[in-house]
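Report on the following structure.
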Amino acid sequence: MMEVETNPTGNYFVANYPPFSYWSADAADTALNRLHAAGDSNQPLGLYIHLPFCRKRCHFCYFRVYTEKSSSEISDYIRALGNELAHYASLPYMANRRLKYIYFGGGTPSYLGTGQLRELFAELQSHLPWDGVEEVTFECEPGTLHEQKLAAIKAMGVTRLSLGIENFDDQILQANNRAHLSRHIYSAFAAARKVGFPQINIDLIAGMVGETDANWRDNIAKVLQLAPDSVTIYQMEVPFNTALYRQLQNEGKPTSPPADWPSKRRWQAEAFAALAEAGYQTSSAYTVVKTKDKAHFVYRDSLWRGGDLIGLGVSAFGHLNGAHIQNEKDIGNYQRRVFTGELPISRAYLATVEERLIREMILQLKTGSVDSGYFQRKFGHNILEKFAKPFDELMKEDLLLINEHQVELTANGLLRVDGFLQRFFLAQHGGPGT
Ligand SMILES: C[S@@+](CC[C@H](N)C(=O)[O-])C[C@H]1O[C@@H](n2cnc3c(N)ncnc32)[C@H](O)[C@@H]1O
Ligand code: SF4
């Protein structure tokens, strides 16, 4: 893990297991065949919808996004999403299943106009009913919002609004090619509060190009003034497919070099300490919540416990009946396959029971604690014995503690969690094995 400390570029965030590089086109048909058997109606079912449109591409962003699509191209995409969902809804695996949570991610879902959003929601609801849905999250870029649009979004059923604020400083926002400025943050936040969403989350990134100690302190003060229901802070990554990475490779130096990992961790720690002081509580390695009743984030909690997720849209990820699924990564290929009546799966991975156990355990470690009883009941394994070696190492490094049946990360462990999860990977996935 030395590389994590010294190399500012690369992708260390662990989003899934086994890693995406082990998924294959060959597994796609078998993953699909698994959906021809009846599903378990007690298993939570979620829906993720990828909206790959943004006003500008941020220099640090690695998501699949398009910045110049016309409104008729967006309408075609909405139709494709509807067709894809209709296909899923017709499969035996979905019979008698009810949606528990929905997540509109991107890209920028709020890039769509109110009319397009109405079209999208109606299209989706015509194929799978939303009664019984506990949470609908909707990601927004502040500069795309105004009060009427927010009121419409709320009326359509969104319960959790997530604002990509990232930083409050206009120079930093511009240097990183964000489309919004700080005045958009204030107008969007005030309008969202006025409309009255049950939960407003804000995203920040520690270590954007141009970040300084003084500016970060200012960011923290501004977050405390806004007092959102939850705050999510990511340590900035510079993955290979970003404009920032290319700037670093081709030009040697962007406007200023990205921050090193110790600075990013320190900034994240300072922000969480100030938020804790103001009464916020830890919900995961990235998120703090204002009150305990907001701690339940159904999307994350279901996914990290192996729940089913239908992933709709270009490059979207899903997880169904133990199989990981990813869609076509190009919008043209995605739509072509959907409109010819296929599911547009480009690659998949059929996780073994052991791999599912590892996946759930490493994802749950990101919440700060895992309960060994859960794994004993669900998988019939004692994780304290199975992973005795990495747990022991991490205890010696002051990154976690074990209290009877509970594994708990220390504050330092939470800040570094993505840097050590690989120690639980199987040898064939780049880990030491167990
Ligand atoms: C899909 S975006 C959220 C919605 C909207 N697109 C926006 O950016 O305002 C999800 C979040 O990922 C985070 N993110 C994007 N690129 C990142 C990177 N290179 N390192 C760390 N976090 C990143 C940002 O905090 C961003 O808000
Ligand atoms: S607005 Fe969000 S999704 Fe779009 S490029 Fe920026 S970070 Fe990526």
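Bear in mind these aren't lab numbers, they're just calculated from the coordinates by the rules spelled out. On a predicted model such as this, the values are computed, not experimentally measured, just so you know. Note that each Cβ is placed from the backbone with ideal geometry, even for glycine, and that neighbours are counted across all protein chains shown.
In summary, the lysines within cross-link reach of K292, defined as a Cα separation below 28 angstrom excluding same-chain residues under 8 places away, comprise K100, K154, K194, K222, K264, K366, K378.
Taking Cβ atoms as reference points and 15 Å as the exclusive limit, the residues near H146 contribute a net charge of +4, counting Lys and Arg as +1 and Asp and Glu as -1.
Scoring 87-98, 191-202, 361-372 by mean Cβ neighbours within 10 Å over their residues and listing the highest first yields 361-372, 191-202, 87-98. Peptides 302-308, 423-429 ranked from most to least packed give 302-308, 423-429, packing being the mean of other C-beta atoms within 10 angstrom over each peptide's residues.
Counting beta carbons within 10 Å around each of W267, W261, W130 and listing the fewest first gives the order W130, W261, W267. Please give the FRET efficiency for Y186 paired with D398, using the beta carbon to beta carbon distance and R0 = 25 Å, rounded to the nearest 0.05. Once the sixth-power term is evaluated, E becomes 0.05.
If R0 equals 22 Å, the separation of the Cβ atoms of T30 and V353 corresponds to a calculated FRET efficiency of about 0.85.
Pairs of Cα atoms nearer than 8 Å and 6+ residues apart set the relative contact order; for region 2-302 it is 20 percent. In this label model, Q249 and K329 are separated by 1.3 nm, measuring between points 7 Å along each Cα→Cβ vector.
Remark on E134: its backbone amide H falls under 5 Å from those of Y101, a criterion applied only to residues 5 or more positions apart or on other chains, H modelled at 1.01 Å from N. Ranked from largest, the principal axis spans of the Cα set of region 2-302 equal 55, 47, 39 Å. The length gained on full extension between Q281 and A15, counted as 0.36 nm times the residue separation minus their Cα-Cα distance, comes to 93.5 nm. Remark: the H296-K56 segment gains 83.2 nm on full extension, using 0.36 nm per residue and subtracting the alpha carbon distance. Given the convex hull over the Cα atoms of region 339-423, what projected area results after averaging over all orientations, in nm²? Projected area, direction-averaged: 7.5 nm².
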